[in-house]
Amino acid sequence: MSKYAQVFGQYLDLCRQVEGRRAAAPLIARLNKAGAEALGRIAGKYRPDPMAVPQTRPDSLFAPDYGVNLMRVDLPVDAAAAFRCGVPNLNSYVGIVANDAFHPTHSLQSLPEGLTVCSLSAVPEHLVEKVINILIHIVDNSVETGDPTEALNALLLSDGILIHAAAGVKVDKAVQIVNISNPATPMLAPRRVVVIAEDDAGLKVLLCDHSQAPTVEHLSVECVSVDAAKGSSIEIYDIEEGQPTSRRAWRLNARQADSSRLSVATAFLQGGISGNGFHVECTGDHTQTSLSGLAICACGQVVDNSVTLVHKGLHGTSRQNFKSALYDDARGGFGGKIVVAPGAMFTDAAQSNKNLIIGDDARMSTAPQLEIYCDEVKCSHGATTGSLDDRAMFYMQSRGIPAEEARRMLTQSFMSDVVDSISFEVLRQRMHVLVEKRLSGAAASCDTCATACGSQPLNTEL
Amino acid sequence: MNDTTPQVPATPSESEQVISQATSGEYKYGFTSDIDTDIIPAGLSEEVVRLISRKKGEPEWLLDFRLKAFRYWLTLTPPDWAHLDIPPIDFQSISYFAAPKSKTAPKSLEEVDPALIDTFNRLGIPIEEQKALSGMAVDAVMDSVSVKTTHKERLAELGIIFCSFSEAVREYPDLVRKYLGKVVSYRDNFYAALNSAVFSDGSFVYIPKGVRCPMELSTYFRINASGTGQFERTLIVADDDAYVSYLEGCTAPMRDENQLHAAIVEIIVEERAEVKYSTVQNWYAGDAQGRGGVYNFVTKRGLCRGDYSKLSWTQVETGSAITWKYPSCILAGEGSVGEFYSVAVTNNRQQADTGTKMIHTGSNTRSTIVSKGISAGCSQNSYRGLVKVAKDATGVRNYTSCDSLLLSDTCGAHTFPVIDVANPTAVVEHEATTSKISEQQIFYCNQRGIPTEEAVALIVNGYAREVMNKLPMEFAVEAQKLLAITLENSVG
Amino acid sequence: MSDELLKVTDLHAGIEGKEILRGINLTIRPGEVHAIMGPNGSGKSTLSGVLAGDPRFTVTSGQAVFHGVDLLSLSPEDRSHEGLFLSFQYPVEIPGVTMVNFMRAAVNAKRKYLNEPPLSANEFLKMMRQKRAIVELDNKLASRSVNEGFSGGEKKRNEIFQMAVLEPRLSILDETDSGLDIDALRIVAGGVNKLRTGQNATIVITHYQRLLDYIKPDVVHILYKGRIVYTGGPELALELEEKGYDWIKEQVDNN
């Protein structure tokens, strides 16, 4: 058995040991089965992506011997006390996921007509087939790409969340899912959010990742499964504020039908090692897609964002904007692939990846890619990696602004267009503050790093 | 000697006609020459490697080098990471040595087989000294063996060595031994290992300290014999403050079978020296259905070892059924400069995966990459590149611009750059765009009386101008015509 | 001597190993305006850069004492806090940083250096309004990114506006007249003149006499090949305007 087959096989073995004893709803049980089959096929043929930062590859992230709460042992979590999310006062519908278990809050008890937010084990009857079809399609597709993360999540999942907007229902308030990790021993938490907008529906989803386990290594395996029907609009925001001990394998899989709009923005503000994958298929015509990400990494933090965006329909438009600022010995990776399938005429796809290397030992690897099989298209990508503009630094210093502050201001302005592209206004304002605070913390990070690693300026404030 | 009737050598105007006629149709270099050839049986084994070495009368150390490479090659599998669909190659069905028969190496032009001279004349390559008016020294390589090198004496006066690789092994063994495999190790990749085991001939260039080579040096490669592969090796050394501009051209006959070409080019650039390496690659590309054509798997790399040295690659890739090549620069010397200018055109069923690697290990090193891909028909055309900045290399600059032009809705144009930066003082920029020729542009030309085919050639040449301008004059004209020919019937 | 604001002694400096300043001596007293003129490539911008601490240049020997402080040992920002201001020949564009944030950071950094409390938002905005009037700077510029999309005239006025805000003891105007039409030139010069007091001083670096019609110098220096080769009164500038630099070059090159 290959090294990789062993890494992924340990989870198959684990599930086999408890086969028939996992108490799961039929939907989840079917997903577990699909995951087992898919993983069985991937594990043998897995080959690590040579472009990805090694620490963020599935074979590295899944290698440690984590515990998985397959038997649903009740782990006490004081969700309310634990909840100190960086984005308060949103007036949102809030659900909390403590490690891998969903806890609805009061705000979910009175949802507007046509909006469903529920556990995957309590999906309304008329939606079960739809949900399972979407998920099985995603898991089966992942066999093709060879990425085991979706299959592993499907195999191990015990709970998850469905966010569903019925046809024509436009929800103004955001649905906010706060993920909290606080295991006592090294633990793997599978999490899944299914976001479905039916024809002409509209949804905003905010995902916040938190950790309160600064001394215990923990891996969250998070899959966001998105289905945007005709004319629908979905916005997804993801903010990561973990601990140096946090490990994250995050996958967004989305399918877009005619005239749908999808906007995804992620921000890495704190954490340990974070490997994020975006896979968006624009199957319909006239789709609009916007993907963005910012990462501020210092002292040993590693973030890799990898995008595959496939245009299959006519007149698809997509924009990607990813930025990172790397301090100390942080490592960043970006892989971005735009695929324009044969016949996907009038596609207009643009991608930008810009990186600041500020630390002497920091390193950035970038692999923007275009695969184009159709001539009637407009595609471009641009990537830059470099330091802060030294002319701007000197200009600011000559006006009396200390080097440290000049650096912070320039970095913040470097990030500002990613934040400005957040159309959700309250969140945009909040993000500006969070980035500024993070940069103030990051600047002084390694000298003062004990356990919280520069996160103190953020958390004490909130 | 064989019994071919000596032919009157073509006059210069006839040579020009060959080129001008080339604009009118399909692959013009697809003839075969009836030349008596010494071919060893197909197959590859340690015995064959020893046989090649023996036939060439090589010293023991070179045989050792070949055997080491061969044994290493046995442990490898062909690379499959490129965006190429490569049919399995039976390496045992290829003959690894084919040489035009002659008793001894020709001492003067009179001794060269007239059929060979004719072959090169039909290619428009002046190997006759008196006709080399363009001021170009030529080394002509037919199948595996260097046939004739021109202008040698004049170059020798300046201390410049320009000769076939075999001759260099005999005459300058110390120089060859010092540099062989130092930039492209036999362990580098599958095809480099294969070449190192079975390489037949090639060119060797040494420019001594402070010498600016007064003429373009040029090698023309020709695969003629059927069922053979070509495995040549080029080694160029520019000593301190030297300068040389080197041109490489290649053609092959039209055959239904696929022929393998696996070459190595190694370049060493010492302090303040400059090497310009230009290629116009026009191996037979196969027919419109994708039958036949050359598999072109080439490893080209230069080491800018000296401070403030400079290496510039310019390539116009129009031929080959499959191209797999990445002319690269290792920028080790302080302030050294690497450049890569490429036009790659693919039509019909051609596949190209080409690009460059710029490895910055020295401080204040700079590199520029300009790649223009043009795809037509059902072809697949990929740019693949790596820009790497080592941790200790400060003040590095790179600028990459990478454009693709699509001429049909059934072709593919792809871009796979990798940028890896480990030093905070680096500035690395990459830009890529994809576009097609607009109907408005064609219509505008049509309205002014320019037929569509000509309009496409015009627009494509304009698009590729930035790269074409880097070619030496003699090559630029030829390259422009090649672009036009390659793209004939590509716009429906 | 207490009445010396800046004393430069035998200053040598260069860029990338190439010596450009080959022994500059210069003394400036409070209230004075010094013009430094010279042909292209004589080292004028190097001198201003070296005094302001531009990291591109390396000082190889010599001294610069600024009201008793060893200027060359200070970071660029501390030179600014000590009262040195450089109006850049090519003001740098900083996308994404608004003028308001930029200036507030500058003002409060200086106040911190001087152990003063930061200005409140109201006080700061009030000061910005006052200072803006000096160079007739459009209110809208305040919300735009630093120098981004500014016209040539706006950039130079923006420099003088910053000078007004930071109230320097010594201002170096590096080719402030380049690229300005006559109206912009008048406004910029007017701003400089309004800011003159008996306590501060100005160095005007220029290629042409034109600016000196508006900012009257007390002393004119001619810089050539990295040395001050000639020092005189205002009449020297007029002489240069008339006769060009060739007679100076001849004199120096023949000695």
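The values are calculated or read from the model by the stated rules, or taken from the named source; none is laboratory data. All figures in this text were calculated on a predicted structure; none of them were measured in a lab. We place every Cβ from the backbone using ideal geometry, glycine too, and count neighbours over all the protein chains shown.
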Criterion first (in contact with a Ser or Thr (Cβ under 8 Å, 6 or more places away or on another chain), at the interface with chain A (Cβ under 9 Å from one of its Cβ atoms), polar (S, T, N, Q) and outside any strand (DSSP E or B)) does B:S363 satisfy it?
no
Worksheet item: Restricting attention to the range C:182-195, does a residue exist that is outside any helix (DSSP H, G or I) and modelled with pLDDT of 90 or more?
Response: yes
Subset of the range B:388-439, residues in contact with a strand residue (DSSP E or B) (Cβ under 9 Å, 6 or more places away or on another chain), more than 8 Å from chain A (Cβ to nearest Cβ) and under 22 Å from A:D375 (Cα atoms), comes to B:S401, B:C402, B:D403, B:L405, B:I437
Review point. Would you call C:D10 over 18 Å from C:E167 (Cα atoms) and either surrounded by fewer than 20 Cβ atoms within 10 Å (Cβ to Cβ) or among the β-branched types (V, I, T) (or both)?
Key: yes
If we ask which residues in the range A:397-409 are more than 7 Å from every other protein chain (Cβ to nearest Cβ) and out of contact with any Ser or Thr (no Cβ under 8 Å at 6 or more places or on another chain), their number turns out to be 3
Residues of the range A:186-213 being modelled with pLDDT of 90 or more and outside any strand (DSSP E or B), in sequence order, are A:P186, A:E198, A:D199, A:D200, A:A201
Scanning the range C:89-124 for residues that are more than 10 Å from chain A (Cβ to nearest Cβ) and touching a residue at least 24 places away in the same chain (Cβ under 8 Å), the one nearest to the chain's Cα centre (by Cα) turns out to be C:Q89
Only one of (1) over 15 Å from A:I401 (Cβ atoms); (2) within 10 Å of chain A (Cβ to nearest Cβ); (3) at pLDDT below 90 does not apply to C:G49, and that is (3)
For this session: For the range A:383-396, state whether one or more residues are more than 14 Å from chain C (Cβ to nearest Cβ), outside any helix (DSSP H, G or I), under 30 Å from A:P342 (Cβ atoms) and touching an Asp or Glu at 6+ places or on another chain (Cβ under 6 Å).
Result: no
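Okay, residues lined up against (1) surrounded by fewer than 17 Cβ atoms within 10 Å (Cβ to Cβ); (2) at pLDDT below 50; (3) touching an Asp or Glu at 6+ places or on another chain (Cβ under 7 Å); (4) not in a helix (DSSP H, G or I):
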{"site": "B:S15", "(1), (2), (3), (4)": "no, yes, no, no"}
{"site": "B:D38", "(1), (2), (3), (4)": "yes, no, no, yes"}
{"site": "B:A42", "(1), (2), (3), (4)": "yes, no, no, yes"}
{"site": "B:L63", "(1), (2), (3), (4)": "yes, no, no, no"}
{"site": "B:W73", "(1), (2), (3), (4)": "no, no, no, no"}
{"site": "B:A82", "(1), (2), (3), (4)": "no, no, yes, yes"}
{"site": "B:S93", "(1), (2), (3), (4)": "yes, no, no, yes"}
With the first residue restricted to the range C:202-216 and required to be without any contact (Cβ under 8 Å) to a residue 40 or more places away in the chain, and the second required to be in a loop (DSSP other than H, G, I, E, B) and of a type in the set (A, V, I, L, M, F, W, C), Cβ contacts under 9 Å at 6 or more apart or on different chains are C:L211/C:L180
Taking the range B:335-383 and keeping residues among the small types (G, A, S) and farther than 17 Å from B:A432 by Cβ leaves B:G335, B:S336, B:G338, B:G362, B:S363, B:A376, B:G377, B:S379
Of B:V418, B:V467, the only residue that is of a type in the set (V, I, T) and either part of a strand (DSSP E or B) or on the phi > 0 side of the Ramachandran plot (or both) is B:V418
Those residues of the range A:228-272 which are closer than 23 Å to A:H218 by Cα, outside any strand (DSSP E or B) and touching an Asp or Glu at 6+ places or on another chain (Cβ under 9 Å) amount to A:G242, A:T245, A:G271, A:G272
If we scan the range A:146-162, do we find a residue that is among the aliphatic types (A, V, I, L, M) and surrounded by fewer than 20 Cβ atoms within 10 Å (Cβ to Cβ)? no
Restricting the range B:285-302 to residues that are over 17 Å from the mean Cα position of the chain (by Cα) and in contact (Cβ under 8 Å) with a residue 40 or more places away in the chain, the one nearest to B:G229 (Cα to Cα) turns out to be B:G286
C:G149 fails exactly one of (1) in contact with a strand residue (DSSP E or B) (Cβ under 9 Å, 6 or more places away or on another chain); (2) of a type outside the set (D, E, K, R); (3) surrounded by fewer than 20 Cβ atoms within 10 Å (Cβ to Cβ), namely (1)
Filter pass, A:G35 being of a type outside the set (A, V, I, L, M) and touching a Leu at 6+ places or on another chain (Cβ under 6 Å)
yes
Taking first residues from the range A:412-423 that are within 8 Å of chain C (Cβ to nearest Cβ) and second residues anywhere that are in a helix (DSSP H, G or I) and charged (D, E, K, R), the pairs with Cβ under 7 Å that are 6 or more apart or on different chains are A:Q412/A:E436
Within the range A:335-392, the count of residues that are among the aromatic types (F, W, Y) and either modelled with pLDDT of 95 or more or surrounded by fewer than 19 Cβ atoms within 10 Å (Cβ to Cβ) (or both) comes to 1
All-but-one check, B:N381 against (1) in contact with a Cys (Cβ under 8 Å, 6 or more places away or on another chain); (2) crowded, with 19+ Cβ neighbours inside 10 Å; (3) of a type in the set (S, T, N, Q); (4) at the interface with chain A (Cβ under 9 Å from one of its Cβ atoms), failing number (4)
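The rows are residues; the columns are (1) more than 30 Å from C:K243 (Cβ to Cβ); (2) of a type in the set (A, V, I, L, M).
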residue: C:V8; (1), (2): no, yes
residue: C:E19; (1), (2): no, no
residue: C:G23; (1), (2): no, no
residue: C:P30; (1), (2): yes, no
residue: C:A35; (1), (2): no, yes
residue: C:G53; (1), (2): yes, no
residue: C:F57; (1), (2): yes, no
residue: C:L71; (1), (2): yes, yes
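Here's the yes/no breakdown for (1) touching a Ser or Thr at 6+ places or on another chain (Cβ under 6 Å); (2) within 24 Å of A:M415 (Cα to Cα); (3) in contact (Cβ under 8 Å) with a residue 12 or more places away in the chain:
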{"position": "A:I234", "(1), (2), (3)": "no, yes, yes"}
{"position": "A:Y237", "(1), (2), (3)": "no, yes, yes"}
{"position": "A:E241", "(1), (2), (3)": "no, yes, yes"}
{"position": "A:R248", "(1), (2), (3)": "yes, yes, yes"}
{"position": "A:D258", "(1), (2), (3)": "no, no, yes"}
{"position": "A:V264", "(1), (2), (3)": "no, yes, yes"}
{"position": "A:F268", "(1), (2), (3)": "yes, yes, yes"}
*Tell me, please, whether a residue that is at pLDDT 80 or above, surrounded by 12 or more Cβ atoms within 10 Å (Cβ to Cβ) and either part of a strand (DSSP E or B) or under 23 Å from the mean Cα position of the chain (by Cα) (or both) can be found in the range B:22-33.*
no
Exercise for review: Would you check if there is a residue in the range A:326-334 being more than 9 Å from every other protein chain (Cβ to nearest Cβ), closer than 21 Å to B:T368 by Cα and either assigned to a strand (DSSP E or B) or of a type in the set (D, E) (or both)?
Suggested key: no
Among the residues of the range B:445-457, the number that are surrounded by 13 or more Cβ atoms within 10 Å (Cβ to Cβ) and at pLDDT 70 or above is 8
